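A.B. asks: One structure, as structure tokens, below. Some questions next.
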Amino acid sequence: MLSRQGTMSPQQSTASPQRRTTSPIREASTSAPLTDIDSISTMLKQLVEMNLRQAVQNSSSRDSVPTEDNPQENRFRAEEIGFFDPYLSTSRAEPGEITQLGDKTYYRDTRTFLDSAYSIDRTKKRGLVAQNLHTCLRGTAQQWYGSLNDEQRSQLRQSLDEWSTALRQHFAVDPGLALQKFQDQSYNLEDVWHDRHPMQYVNTVLRYGNALEMDVYYCLLQAHNKIHPTLRQNVPCPEKATTQADYVQQCEKNWTLWKDLLKTKP
């Protein structure tokens, strides 16, 4: 209100003007051209799609990688991998690169032991398996580790690759011995009677073949030809595309049949 002199009253001069607020969406809808509204709508759709993709990726990551809340990730148990004893006597456990001693799994072959270690490593906290792998060593492998100095042991615990290099170098099979063992392997009726699974036989042949850097196909042919004819007649001859696991599966399918046919020893 104006005073008689034409000036504003004190109340009017000190009062702050009311601020006009308008919703961004309302403002955009009333002032922006139609093309701008279409652009905003497109951007919102892209943001929603991007957020959905990110949510799916985060969910997949949580499913495949153990989280800090999972105690299994931070706990190491040697039994999960098995024990490495390259010269484990056949008087204590069955022959083969993988065998059982009581309720525990033992490895005579470096490669299969390391395969197991790498497999468990993928489910554990980074570095946990490498730092504790020495607890899986037995027999001569344990003696070898005990002969190392602190610096060498510390180097091994850096990564599984360090373990792999050291174990493969130290426990590599002598080529001459590997060739002799490769040629001597066979699977006969006596093996069935003594409950020696064909998987143990095939794996042993491949162990010495790998030491000689032989082709898998040639190793499987050798294993097939050294199975007793009575047993071999129901096992398909391996082809070039046949894997070790495929051939072992074919042999294991006949295991029950072989046991039934050979219930009585001659």
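None of the figures in this text is laboratory data; all of them are computed from the coordinates on show. All values reported here derive from a predicted model rather than from experimental measurement. Note: ideal-geometry Cβ built from the backbone for every residue, glycine included; neighbour counts use all protein chains shown.
A.B. asks: Given axes a ≥ b ≥ c from the Cα gyration tensor, I'd like to know whether the stretch 74-170 is rounded (a/c under 1.5), prolate (a/b larger than b/c) or oblate.
C.D. replies: Values: a/c = 1.94, a/b = 1.31, b/c = 1.47.
Oblate is the answer for the stretch 74-170, as a/c is 1.5 or above yet b/c matches or exceeds a/b.
A.B. asks: Does the stretch 119-180 come out rounded, prolate or oblate, given a ≥ b ≥ c as the square roots of the eigenvalues of its C-alpha gyration tensor, rounded meaning a/c under 1.5 and, failing that, prolate meaning a/b above b/c?
C.D. replies: Here the stretch 119-180 falls in the prolate category.
A.B. asks: Can you give me the long-range amide H partners of PHE83? Hydrogens built in the peptide plane at 1.01 Å from N, cutoff under 5 Å, separation of 5 or more residues or another chain.
C.D. replies: So PHE83 has HN proximity to THR105, TYR106, TYR107.
A.B. asks: Taking the Cβ of LYS253 as the center, what net charge do the other residues with Cβ under 15 Å away carry, scoring Lys and Arg +1 and Asp and Glu -1?
C.D. replies: Around LYS253, the charge tally is -1.
A.B. asks: Something else now. Residues with amide H under 5 Å of TYR187's amide H, sequence separation 5 or more or different chain, H placed in the peptide plane at 1.01 Å from N; which?
C.D. replies: For TYR187, the qualifying residues are ILE227, HIS228.
A.B. asks: What's the local net charge at THR110, with K and R +1, D and E -1, over the other residues with C-beta under 13 Å away?
C.D. replies: Residues close to THR110 contribute a combined charge of 0.
A.B. asks: Something else: How long is the gain from LYS125 to ARG77 if the chain were fully straight, where each residue apart is worth 0.36 nm and the alpha carbon distance is subtracted?
C.D. replies: Going from the current span to full extension adds 16.0 nm.
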